[in-house]
1. Which residues, counting only those in segment 223-268, are in contact with a helix residue (DSSP H, G or I) (Cβ under 7 Å, 6 or more places away or on another chain), of a type in the set (D, E, K, R) and modelled with pLDDT under 65?
2. For the subset of segment 132-168 comprising residues that are acidic (D, E) and farther than 17 Å from G110 by Cα, which member is surrounded by the most Cβ atoms within 10 Å (Cβ to Cβ)?
3. Kindly provide the set of residues from segment 159-174 that are over 12 Å from the mean Cα position of the chain (by Cα) and away from ligand 2 (no atom under 16 Å from the Cβ), ordered by number.
4. Within segment 76-128, work out how many residues are under 20 Å from the mean Cα position of the chain (by Cα) and among the acidic types (D, E).
5. Look through segment 227-237, keep the residues that are assigned to a helix (DSSP H, G or I) and within 20 Å of the chain's Cα centre (by Cα), and return whichever of them is surrounded by the most Cβ atoms within 10 Å (Cβ to Cβ).
6. Identify the residue in segment 20-49 that is more than 11 Å from ligand 1 (Cβ to nearest atom) and outside any strand (DSSP E or B) and, among all such residues, is surrounded by the fewest Cβ atoms within 10 Å (Cβ to Cβ).
7. Mind listing just one residue for me: the one in segment 187-222 that is modelled with pLDDT under 95 and out of contact with any helix residue (DSSP H, G or I) (no Cβ under 8 Å at 6 or more places or on another chain) and, of those, farthest from T27 (Cα to Cα)?
8. Quick one: count up the residues across segment 167-226 that are assigned to a strand (DSSP E or B), within 12 Å of ligand 1 (Cβ to nearest atom) and small (G, A, S).
Amino acid sequence: MTTSVFEARNLVYRYRDTLALNGLNLTIEQGKHVALLGANGSGKSTLLRILDGLYFPESGALSFCGEPLTEEHLRDDSFAFQFRRRVGFVFQNPDVQLFNPTVFDELAFGPLQLRWPKDLIRQRIGEMLEQMEITHLKDRPPHHLSGGEKKRVALASVLILDPEVLLLDEPTAALDPKSESRIIDLLIDWKGSLKTVVMATHDLDVVEDIADQAFIFQGGRVIAEGLPRDLLRDEALLKETNLIHSHRHAHPSGEIHSHLHRHHDHGH
Ligand SMILES: Nc1ncnc2c1ncn2[C@@H]1O[C@H](COP(=O)(O)OP(=O)(O)OP(=O)(O)O)[C@@H](O)[C@H]1O
Ligand SMILES: [Mg+2]
């Protein structure tokens, strides 16, 4: 029997007057690599913050490994401790994640909280800095780094703890091609492991490589789920959910055509 890591039933979440999740259902099984796809504002980041126990839905039910993931249950120290140890979250915007005086301290923060031995902390920080190619930044204040440098520090500060469940909100956005392909390689390496990965992304070209299941969001609900290969071939579905658009071109002959474009192809 497969165990579900998260089970969400009919989640409703509202920011003041904006309905962000509108009866959302999804189940995430252990060891799956799941991509959350959908237009801007469709609810992906909101769901990830709820899965990380940062926000709580106004109605509906959510469980983590069979236990209710609620505000009340997270007040239970033993549940909160094991939940925080098992689940790591990389925010879409690294500015809200980074708060230490230096990159080194940023990476040391989680391990110190978990009371790892000092030698192990130094060793793991050294490895992580190298892996993310941020060794040269280790004494810099994180809030003075470039967008992509911040993102790499934020990823490193979560990956150093090697969480069983990773929630990644657009992990490759803002990264240069080399850093992006490092992250994609990491995600590919984790496939087939017990690690569960839930990531929101607009990078449709890599979804088939990094995910074995995809959920398409629209208006705060999941409106389709399946194998990335199948969903990404469903042109009508992609068009209707704004994942691709048809763009009108005037060709030199004067003829006007419509072509289907994926979002990131906006070169013109
Ligand atoms: N802090 C906030 N305050 C008020 N409304 C918010 C806030 N964050 C998000 N929203 C609204 O909630 C809805 C869902 O937003 P969310 O950030 O979850 O979308 P998303 O799918 O992650 O979009 P994107 O692809 O742009 O990251 C949107 O209508 C958005 O305007
Ligand atoms: Mg988002």
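1. Result: R262, single match.
2. Among residues in segment 132-168 that are acidic (D, E) and farther than 17 Å from G110 by Cα, the one surrounded by the most Cβ atoms within 10 Å (Cβ to Cβ) is E149.
3. Those that are over 12 Å from the mean Cα position of the chain (by Cα) and away from ligand 2 (no atom under 16 Å from the Cβ): L159, I160, L161, D162, P163, E164.
4. Residues in segment 76-128 being under 20 Å from the mean Cα position of the chain (by Cα) and among the acidic types (D, E): 2 in total.
5. Among those that are assigned to a helix (DSSP H, G or I) and within 20 Å of the chain's Cα centre (by Cα), it is L231.
6. Out of the qualifying residues, it is Q30.
7. It comes out as D189.
8. Qualifying residue count for the region: 1.
The values are calculated or read from the model by the stated rules, or taken from the named source; none is laboratory data. A quick note: this is a predicted structure, and the numbers were derived from the prediction, not measured. Reconstructed Cβ throughout: ideal geometry from the backbone, glycine too, with neighbour counts over all protein chains shown.
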